[in-house]
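Structure record follows, encoded as structure tokens.
Coordinate-derived values only; no laboratory data. Given the structure is predicted, the values throughout are model-derived calculations rather than measurements. Methodologically, a virtual Cβ is constructed for each residue, glycine included, from the backbone with ideal geometry; neighbour enumeration extends over all protein chains shown.
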């Protein structure tokens, strides 16, 4: 078993963790760094609940082994807003009623954030495809898609600002 | 948390190969981790030593070599999907990459990892097979260039020998008058395809088919070509009736039924998806030829 020190930035804040190499980024975020906004769903990369941005791109944090995070920028849903001010996309989930139990929402928002950044004028159909890898087991996806569509900058929604991290 | 292992991250390909040689079957190479890490989490893989290849920048290059593109093993699906730079010449690769898993898999997963894993339903093996690509391998006995037709041996089994690593794959760049298309069916977005069809059509200047190639994923333990379908198209005009007739010969395949789909349903999908892929590939070829 290999132990190593992994340093990366979490939502813009430098951090350093001593860990076994066979632990996942998800475990480090929750158990070592207290980033409880990152949720564990299936643990096999299928459900999208644990999605975070690694150097700006969405990954399943349950499928990222600890050493892979070294030197990277890690962004969770908490890093999208500015302090106590919600990001417009988060705001949209509130105003559109996109949240039911809430468990899938951190991953859903992180995925949608990266997608809207790259596709600011996305259609509803494109949004549906973009979140196809994020499972919600409460309800239909209609209000979630409403929320994302209403926040798309190219569709008149609030522009995603620069994410922390 | 997965099973504990010794973790090594060699800085050079030579070091990686030495580690694999020294640790033999105890060692497992890690590329993007989108197949291996779930297997580790499920305890289906229990390597004593994990050799992380992600520092090997030499495997990340993409270069044009005459009429071919050499794609490094560590090139990620996302880069192939975006299709920047020399990749812009290969729209078939962009189309195939966009169908892989979900965006998170595409961020980290690599083409070399997908070929080495050799899932019977995966996109890259079928694409490389349709293009008559060549898998470039390095190992204790030196370099080998393995044609796709010899590389895939069985479900999750390849011609790689102990200690060998995929370093890249050589794929022909389709010229003007040639086009490719991928059609696949899955029950849910992001699932592995139940069946996928990859078609490559090259048109002669007179508009007849100079050569057609079709391969299927999900229709057997390895990606398979459809020689009868391909032969039925040679020299013919790619009109809808001819394409449909050629595609109907895909019904000759003998897939296994499983929990996801019966053998009969896979045969049905093979025929329908082959027809769609051929029609689109022929349309792309005609458009590119006219441009």
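General remarks:
- Compactness of chain B as Cα Rg over 2.2 N^0.38 Å, two decimals: 1.01
- Note on the range B:183-261: Cα Rg divided by 2.2 N^0.38 Å, N the number of residues, gives 1.21.
- Computed [θ] at 222 nm, deg cm²/dmol, chain A (DSSP H ≥ 4; -39,500 (n - 2.57); rounded to nearest 500): -7000 deg cm²/dmol
- Degrees separating the helix A:142-151 axis from the principal Cα axis of chain A, which is the longest one: 90 degrees
- Average beta carbon contacts from partner chains per residue of A:135-143, 10 Å cutoff: 0
- Helix A:105-118 vs. chain A, principal-axis angle (Cα, 0 to 90°, nearest 10): 70 degrees
- Cα gyration tensor, the range A:86-155 - rounded (a/c under 1.5), prolate or oblate: prolate
- The range B:1-17 and the range A:1-31 have Cα centres separated by 17 Å.
- Protection proxy ranking of B:105-113, B:265-273, B:5-13 - average other beta-carbon atoms within 10 Å, highest first: B:105-113, B:265-273, B:5-13
- For the pair the range B:163-223 / the range B:34-69, the C-alpha centres are spaced 22 Å from each other.
- Across the range B:1-20, the residues whose backbone nitrogen lies under 19 Å from the label position 7 Å along the beta-carbon direction of residue B:26 are B:3-10, B:15-20.
- For peptides B:55-63, B:233-241, sequence by mean Cβ density within 10 Å, most packed first: B:55-63, B:233-241
- Each Cα pair under 8 Å and six or more residues apart adds its sequence gap; the mean of these over the residue count of chain A is a relative contact order of 25 percent.
- For the segment B:5-15, counting C-beta atoms of other chains within 10 Å of every residue's C-beta and taking the mean gives 3.
- The protein assembly as shown: C-alpha gyration tensor shape, a/c 1.5 cut-off, then a/b vs b/c: oblate
- Using the rule -39500 (n - 2.57) for each DSSP H run of four or more residues, divided by the residues of chain B, the 222 nm mean residue ellipticity is -9500 deg cm²/dmol.
- Using a Förster distance of 56 Å, the FRET efficiency for residue A:40-residue B:291 (Cβ separation, nearest 0.05): 0.65
- For the range B:75-124 versus the range B:125-144, the gap between their alpha-carbon centres in whole angstrom: 16 Å
- Rounded, prolate or oblate (a/c below 1.5 giving rounded, otherwise prolate when a/b exceeds b/c) for chain A by Cα gyration tensor: prolate
- Rounded FRET efficiency, nearest 0.05, which uses the C-beta distance separating residue B:63 from residue B:43 and R0 of 35 Å: 0.35
- Using R0 = 51 Å, the C-beta based FRET efficiency linking residue B:262 and residue A:125 works out to 0.95.
- Per-selection metrics, the range B:6-51 (Cα): Rg and Dmax in Å: 10.6, 31
- Both radii come from the Cα set of the range B:61-172: Rg as radius of gyration, Rh as Kirkwood radius; their ratio Rg/Rh reads 0.94.
- Ranked by the mean number of other Cβ atoms within 10 Å of their residues, highest first, the peptides B:176-184, A:9-17, A:112-120 fall in the order B:176-184, A:112-120, A:9-17.
- Taken over the range B:200-245, the ratio of Cα radius of gyration to 2.2 N^0.38 Å equals 1.23.
- Exercise: per-residue mean of other protein chain Cβ atoms within 10 Å, A:127-134: 4
- Spacing of the two label points (7 Å from each Cα toward its C-beta) at residue B:119 and residue B:55, in nm: 2.9 nm
- Computed from Cα positions, the angle between helix B:13-23 and the longest principal axis of chain B comes to roughly 70 degrees.
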